[in-house]
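Student: After the structure tokens below, expect a handful of questions from me.
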Amino acid sequence: MADLSSLGGLQPVDLLDLNDGIYADVKESTFRLPTAGRYTLRTTESFPQAAFGRTKAGALSIQIDPTIVGPTNENFTVRFTKVSAKQFERGGQRVSQLGDYLRAVGFKGTLRDEQAQADAVESTAGSIFEAQLDWRAYNKNTGFSLEGMSRFPKNADGTYQSYVNDPVEKDEKGEPVKVRANLIVSKYIPKTV
């Protein structure tokens, strides 16, 4: 039997009852990443100063972190969701993620500078919009990326496994590192009102 007297300063402890029905055993995780599809979301209730930043290319970037309100997976937050003001061409017009987001919440108007863009996004706090959500796994150590739930391996029950093995990086046992999928906004749906 261990003699703890040499440790000194022994502390009193609360009763630890390990009997069945009393002790709260670890349960199997029931977490499931929402499946890819069209969802109704609500933006964050406010945009703190920390939500505003810049992309690597120097464009304005704003973290919106919407929460699903339906049709399923209510209250699931799509974390680390940023919209970038970096423009690109679509159908002969200059567009941006920020513009797509603002159109999804029903914002209309002309934005002539970054301050106007930031003010426009800030005015959407708590707004409801629709978007297409999907999965993306990314390993910053290797640059490995996989996007699209349907490209992930399937479980025995036919659902998709919410992680994928990195083809390059190995763990300390020589096994492939598992890269967890995150839920992302793959497309903002413009509000047609």
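Quick note: the coordinates plus some simple rules give every number you see, no bench work behind them. This structure is a prediction, so every number in the text was calculated from the model and none was measured. Every residue, glycine as well, gets a Cβ built from its backbone with ideal geometry; the counts of neighbours run over all protein chains shown.
Student: How many angstrom lie between the Cα centre of the range 73-140 and the Cα centre of the range 143-166?
Tutor: 26
Student: Quick one, which of [x] 1, 6, 12, 14, 14, 12, 10, 8, 7, 5, 4, 3, 2, 1, 1, 0; [y] 1, 6, 11, 12, 10, 9, 7, 6, 5, 5, 5, 4, 4, 4, 4, 3, 2, 1, 1, 0, 0; [z] 1, 8, 16, 17, 15, 13, 10, 8, 6, 4, 2, 0, 0 is the actual P(r) over Cα pairs in 5 Å bins from 0, in percent calculated for this model?
Tutor: Read-out taken from this structure: [x].
Student: Can you compute the helix-only [θ] at 222 nm over the chain? Use -39500 (n - 2.57) per DSSP H run of at least 4 residues, normalise by all residues, nearest 500 deg cm²/dmol.
Tutor: About -2500 deg cm²/dmol.
Student: Continuing with this model, one more query. Longer than 20 Å from Cα to Cα, which of K82/K154; K82/K140; K140/K170; K108/K187; K140/K178; K154/K178 are they? Say none if no pair is.
Tutor: Violating the 20 Å Cα-Cα cut-off are K82/K154.
Student: In the Gaussian network model of the chain, springs joining C-alpha atoms below 10 Å, which of A181, A50, A24 carries the largest mean-square fluctuation?
Tutor: The residue that fluctuates most here is A24.
Student: May I ask you to order 96-107, 38-49 by the average number of other C-beta atoms within 10 Å around their residues, highest value first?
Tutor: Sorting 96-107, 38-49 by mean packing, highest first, produces 96-107, 38-49.
Student: Taking 8 Å as the Cα distance limit and 6 or more residues as the minimum spacing, I'd like the relative contact order of the range 83-193 as a percentage.
Tutor: Relative CO of the range 83-193 lands at 28 percent.
Student: Could you list I22, I184, I62 in order of exposure, starting from the residue whose Cβ has the fewest other Cβ atoms within 10 Å?
Tutor: Least to most surrounded, the residues fall as I22, I184, I62.
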